[in-house]
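The values are calculated or read from the model by the stated rules, or taken from the named source; none is laboratory data. Since the model is a prediction, treat every value here as computed from it, not as a measurement. Cβ atoms come from the backbone with ideal geometry, glycine included; neighbour counts cover every protein chain shown.
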Amino acid sequence: MAEGDEDLPRDAKIVKTLLKSMGVDDYEPRVVHQFLELWYRYVVDVLSDAQVYSEHAGKAAIDTDDVKLAIQSKVNFSFSQPPPREVLLELARNRNKIPLPKSIAGPGIPLPPEQDTLMSPNFQLAIPKKQTGQAVEEMEEDEEGVVDPNPNISQEQKTDLPQSTTPQRVSFPLGTKRPR
């Protein structure tokens, strides 16, 4: 053992031995404390789960079956295995049966059909229709001869209002086909 290992707890010595057995010779001293923290947290989680399983089964104390079940549930929850190779090959075969979209033949870079691109506009401006002649006549005209859209507001209030153009509404089509 190295110098200073005599005053280390037994668990810290075990962690150092594990690191050495894996060929890790150069590490910061804090690594041992981090492994101990992880180790203790894992053990507390497993034992608390085992206690829940034991209480659910109506047992007075935790036994090895409860601990095994808790460890297995941790493994199943923490680590997921990829699907078997055969399943992946079957999925690839099914996906590759669908042909790719045909490209547009022409000069330059070949592009997919128009419905498969994101080049077309995806919005539509809804500009309000002009008012009928009768409604325009009913509005009062001010000194310059401009139609006053708000005849009920006094001239002082009009100067406080922001000068803006005719309000326009923007609408977006809600299609069922979404680009991928």
> In this structure, does ILE109 turn out to be closer than 30 Å to ASP45 by Cα, modelled with pLDDT of 70 or more and assigned to a loop (DSSP other than H, G, I, E, B)?
Replying inline: no
>> Condition check: in contact with an Asp or Glu (Cβ under 6 Å, 6 or more places away or on another chain), at negative phi and among the hydrophobic types (A, V, I, L, M, F, W, C). Does ALA70 satisfy that?
In response: yes
> Which condition number in (1) surrounded by fewer than 10 Cβ atoms within 10 Å (Cβ to Cβ); (2) touching a Ser or Thr at 6+ places or on another chain (Cβ under 9 Å) is the one that ALA70 fails?
Replying inline: (1)
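The rows are residues; the columns are (1) exposed (fewer than 10 other Cβ atoms within 10 Å of the Cβ); (2) under 30 Å from GLU114 (Cα atoms).
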residue: ASP11; (1), (2): no, no
residue: SER21; (1), (2): yes, no
residue: PHE79; (1), (2): yes, no
residue: LYS97; (1), (2): yes, yes
> If you check ILE62 against the conditions, is it surrounded by 10 or more Cβ atoms within 10 Å (Cβ to Cβ), assigned to a helix (DSSP H, G or I) and over 38 Å from the mean Cα position of the chain (by Cα)?
Replying inline: no
